[in-house]
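For reference, the structure is listed below as structure tokens.
The values are calculated or read from the model by the stated rules, or taken from the named source; none is laboratory data. All values derive from a computational prediction rather than experimental measurement. A quick note on method: Cβ atoms are made from the backbone with ideal geometry, for glycine too, and the neighbour counts reach across all protein chains shown.
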Amino acid sequence: MRTEGQGTKDSQGDMNEGASDPRLRWYPPSWRARYGNELIALLDDEYGGHPPALVHLGLATGGLRQRARQSGLTGDSAPAADGVRAGALVVLAAWTAFVIVGVSFAKFSEHFDEALPHSMGAHRVPDLALTVLQTVAGVASILVVAGALLAVPTFVRYLRADGWSSVRGHFLRALACTGLAVAVTVPLLVWAHHLTPHQRNGGLHWYGALFLIWAALIVITLMLWTVVAVAAARRVVFSRAILTTEAILAAGIALAMVIMDGATAVWWGAMAKDAPAFLNASPGGAPGSPWDIWLIATVALMAVAMGTAVVGVVREVRVWPKMRVG
Amino acid sequence: MSLAGGAKHGHALLKDIEEFAGVKLGPGALYGAITRLEERGLIEPLASDDRRRPYQITAAGSQALADSVAQMRELVRLGQARLKMVRTARPRLA
């Protein structure tokens with residue numbers, strides 16, 4: 001992409017104006033520096049500087065498309081290594097979402113054994129499904145940690161080479177949220193220790209409210225650390241060997257998500273057959289129906305996260321041959 | 001195709017495309033296309049003191065357009081031949 005050094009002095013001044021215009025906030029900074037001024041001129045000519053809502057929507061989608069192209073997630077203009085890295089980062093983000101939603105499923109499926117009839121056959125399938133789910137989740141977590149550890153030396157070199165300023169804001173936000181989450185966790189644990197199981201499971205509204213705040217903090221903390229990882233990994237230049245390993249690990253994590261989604265579906269089917277009453281845990285559930293609204297939403301979000309991870313792996317696979325040639 | 005008729009800036013491109021193709025592109029879509037075409041070397045910007053930077057088609061762009069037009073011409077030829085066949089076989093459709 002061309003840089004803006006070719007413009008005249010006057011147009012350089014205008015370009016700064018275009019680059020900082022809030023209407024183009026969805027576009028990446030380098031794109032705004034190159035095309036922002038022209039696009040603002042077009043908006044002025046076509047709409048007198050006040051484009052309708054539909055045009056704003058078009059600018060937002062156009063900006064996001066440019067960001068996806070620049071990061072290597074779509075198109076063929078970015079280097080192949082960027083495409084592989086973008087694919088792996090998509091898998092990481094999808095895994096974070098999967099874990100967050102998975103906690104909801106873990107809570108939902110608690111004590112499911114007690115709801116099943118005593119015959120051996122009724123326990124076998126849901127037990128096996130949940131065991132597979134938990135085992136694969138453990139393996140996938142190890143893969144995520146391995147991927148993070150593998151990136152640490154390159155990341156430390158990047159920080160030493162004055163890269164700290166580019167991730168400082170993200171890092172401090174994540175750290176502050178982690179501190180807050182810890183500060184809420186300690187009193188919550190102490191309080192929970194003095195409550196009965198009934199009070200902990202909806203009997204005490206104040207505890208329920210604090211639990212929800214704590215859960216939200218944990219979710220936000222996880223998301224913020226993922227943002228730190230993505231922001232850092234986007235800027236760091238990995239060696240081909242590390243990138244290759246990260247891509248393979250990402251594919252393994254995506255495969256784990258597919259297996260976990262399958263195991264969840266099998267567990268749901270087995271529970272619907274032998275203990276449908278257990279599946280109406282949320283207030284939205286109809287008695288005797290396996291279609292509980294909370295479970296449907298949870299499984300649907302798990303499927304979306306899995307689909308997103310698969311998209312990331314497909315991206316890796318598509319640009320892989322170019323990286324090998326390059 | 002619009003730039004084959006001469007160099008134009010964004011606003012002129014929108015008007016021209018609307019006139020010859022009957023399609024009103026949004027500014028976001030137009031600049032998405034400009035970005036891709038410039039990256040592929042099919043169009044290039046011209047120097048300008050104005051905010052409205054004009055673009056012109058390159059030799060590679062001209063060749064790509066010629067290839068596309070040839071493909072479309074072949075499609076039109078095939079379509080006409082097939083229409084002739086169907087009208088011969090079923091005169092009531094003519």
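Structural remarks
- Hits in region A:77-91 (condition: free of Cβ contacts under 8 Å to residues at least 60 places away in the same chain and more than 12 Å from chain B (Cβ to nearest Cβ)): A:Asp82
- Residue match in region A:217-234 (condition: loosely packed, with under 14 Cβ neighbours inside 10 Å and out of contact with any Pro (no Cβ under 8 Å at 6 or more places or on another chain)): no
- Any chance A:Ala270 is under 20 Å from A:Trp95 (Cβ atoms) and either modelled with pLDDT under 85 or among the small types (Gly, Ala, Ser) (or both): no
- A:Leu73 meets each of the listed conditions (1) among the aliphatic types (A, V, I, L, M); (2) closer than 17 Å to B:Glu39 by Cα; (3) surrounded by fewer than 18 Cβ atoms within 10 Å (Cβ to Cβ) apart from (3).
- Scanning region A:171-181 for residues that are surrounded by 14 or more Cβ atoms within 10 Å (Cβ to Cβ) and free of Cβ contacts under 8 Å to residues at least 24 places away in the same chain yields a total of 1.
- Selection count, region A:44-62, where residues are surrounded by fewer than 22 Cβ atoms within 10 Å (Cβ to Cβ), facing another protein chain (nearest Cβ under 10 Å) and part of a helix (DSSP H, G or I): 11
- Restricting attention to region A:104-127, the residues being within 29 Å of the chain's Cα centre (by Cα), on the phi < 0 side of the Ramachandran plot and surrounded by fewer than 17 Cβ atoms within 10 Å (Cβ to Cβ) number 4.
- A:Val184 over 25 Å from A:Gly252 (Cβ atoms), surrounded by 14 or more Cβ atoms within 10 Å (Cβ to Cβ) and among the β-branched types (Val, Ile, Thr): yes
- Subset of region A:122-150 [touching an Asp or Glu at 6+ places or on another chain (Cβ under 7 Å) and either closer than 19 Å to A:Ala254 by Cα or among the hydroxyl-bearing types (Ser, Thr, Tyr) (or both)]: A:Gly147, A:Leu150
- Conditions (1) in contact with a Phe, Trp or Tyr (Cβ under 8 Å, 6 or more places away or on another chain); (2) more than 10 Å from chain A (Cβ to nearest Cβ); (3) closer than 25 Å to A:Ala60 by Cβ: number failed by B:Leu3: (3)
- Elements of type helices (runs of 4 or more DSSP H) contained in chain B, each with 1 or more residues being out of contact with any His (no Cβ under 6 Å at 6 or more places or on another chain), of a type in the set (Lys, Arg) and more than 20 Å from A:Asp44 (Cα to Cα): B:27-39, B:59-89
- Exclusive hit being touching a residue at least 40 places away in the same chain (Cβ under 8 Å), assigned by TED's automatic domain parsing to the domain that holds A:Met257 and more than 22 Å from the chain's Cα centre (by Cα), set A:Leu130, A:Leu143: A:Leu130
- Scanning region B:17-56 for residues that are within 21 Å of A:Gly62 (Cα to Cα), touching a strand residue (DSSP E or B) at 6+ places or on another chain (Cβ under 8 Å) and without any contact (Cβ under 8 Å) to a residue 40 or more places away in the chain gives B:Ile34, B:Leu37, B:Glu38, B:Leu42, B:Glu44, B:Pro45.
- Qualifying residue in region A:63-76 (condition: among the β-branched types (Val, Ile, Thr), more than 7 Å from every other protein chain (Cβ to nearest Cβ) and within 25 Å of the chain's Cα centre (by Cα)): yes
- Put simply, of B:Pro27, B:Pro54 the only residue that is touching a helix residue (DSSP H, G or I) at 6+ places or on another chain (Cβ under 9 Å), more than 7 Å from every other protein chain (Cβ to nearest Cβ) and modelled with pLDDT of 90 or more is B:Pro54.
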